[in-house]
Amino acid sequence: SFIGEESVAAGQGSILTDNPTWIIDPIDGTTNFVHRFPFVAVSIGFVVNKKIEFGIVYSCIEDKMYTARKGKGAFCNDQKLQVSGQQDITKSLLVTELGSNRDPEAIKIILSNMERLLSIPIHG
């Protein structure tokens, strides 16, 4: 099976089943792409029994290939990645994305989540 982000965004429904399924977003960061903001990628995932098996993200502008496979770790251009080990949230950098849904109820939820995040004494 195939699920494409662009067709879902256009209003076509999709149902994730237990079938082996490719999930593809050919322009991940569409808004960035439209505004020529250089954070755009091609994202591909492969799911079996509704569980991710592997994923690939190609950051086109940076020419970086991120790959990850269940139980095998994550890599950037064949170099192994690992988490920082930082356990103190006050020394952490928080990155978030607001999404594109401007429905009033969605905005309330997003702002409520942001308020909770901003009340944490994070580094930045």
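The values are calculated or read from the model by the stated rules, or taken from the named source; none is laboratory data. Bear in mind the structure is a predicted one, so any value in this text is a computation, not a measurement. Glycine gets a Cβ as well: all are built from the backbone with ideal geometry, and neighbour counts include every protein chain shown. The protein model used for the area step is the full one, side chains on, heavy atoms only, and it has no ligands, DNA or RNA in it. Shrake-Rupley method; radii C 1.70, N 1.55, O 1.52, S 1.80 Å.
Evaluating 6.51 cos²θ - 1.76 cosθ + 1.60 at θ = phi - 60° for every residue in the range 28-36, the Karplus couplings come out as 7, x, 4, 4, 4, 4, 4, 9, 6 Hz, glycine and proline recorded as x. Backbone amide hydrogens, once placed in the peptide plane, bring residue 3 within less than 5 Å of 22, 23, 24, excluding anything fewer than 5 places away on its chain. Between 111, 96, 68, the Cα set farthest toward the positive side of the dipole of the chain (charges on each charged residue's Cβ, about the Cα centre) is that of 68.
A simple rule links phi to the HN-Hα coupling: the Karplus curve 6.51 cos²θ - 1.76 cosθ + 1.60 with θ = phi - 60°, which for the range 108-123 gives 4, 5, 4, 5, 5, 5, 5, 4, 5, 5, 6, 7, 7, x, 7, 5 Hz, with x for Gly and Pro. Each of 79, 33, 13 was placed along the dipole of the chain (beta-carbon charges, centred on the mean Cα), and the one lying farthest toward the positive end is 79. Accessible surface comparison of 37, 46, 2, probe 1.4 Å, protein chains only, largest first: the order is 2, 37, 46.
Remark: accessible surface ordering of 40, 48 (largest first) is 48, 40, probe radius 1.4 Å. For the range 1-84, the dipole from Cβ point charges (+1 on Lys and Arg, -1 on Asp and Glu) about the Cα centre works out to 320 debye, to the nearest 20.
When +1 charges are put on Lys and Arg Cβ atoms and -1 charges on Asp and Glu Cβ atoms, the dipole computed for the range 83-123 relative to its Cα centre reaches about 80 debye. When a/c reaches 1.5 or more, the comparison of a/b and b/c decides; with that in mind, is the range 83-123 rounded, prolate or oblate per its Cα gyration tensor? Prolate shape, in that a/c is at least 1.5 and a/b is the bigger ratio. Kindly identify the range 10-52 as rounded, prolate or oblate by the Cα gyration tensor criterion: order the square roots of the eigenvalues as a ≥ b ≥ c, call it rounded if a/c is under 1.5, otherwise compare a/b with b/c, prolate if a/b is larger, else oblate. Here the range 10-52 falls in the oblate category. Between the amide H of residue 61 and those of 40, distances stay under 5 Å, these residues lying 5 or more places away or on another chain, with hydrogens modeled in the peptide plane.
Using the Karplus relation 6.51 cos²θ - 1.76 cosθ + 1.60 with θ = phi - 60°, the per-residue 3J(HN,Hα) values for the range 71-81 come to x, 10, x, 10, 9, 10, 6, 6, 9, 5, 9 Hz, with x marking Gly and Pro. Counting protein heavy atoms only, the chain has 59 percent of its accessible area on carbon and sulfur, 1.4 angstrom probe.
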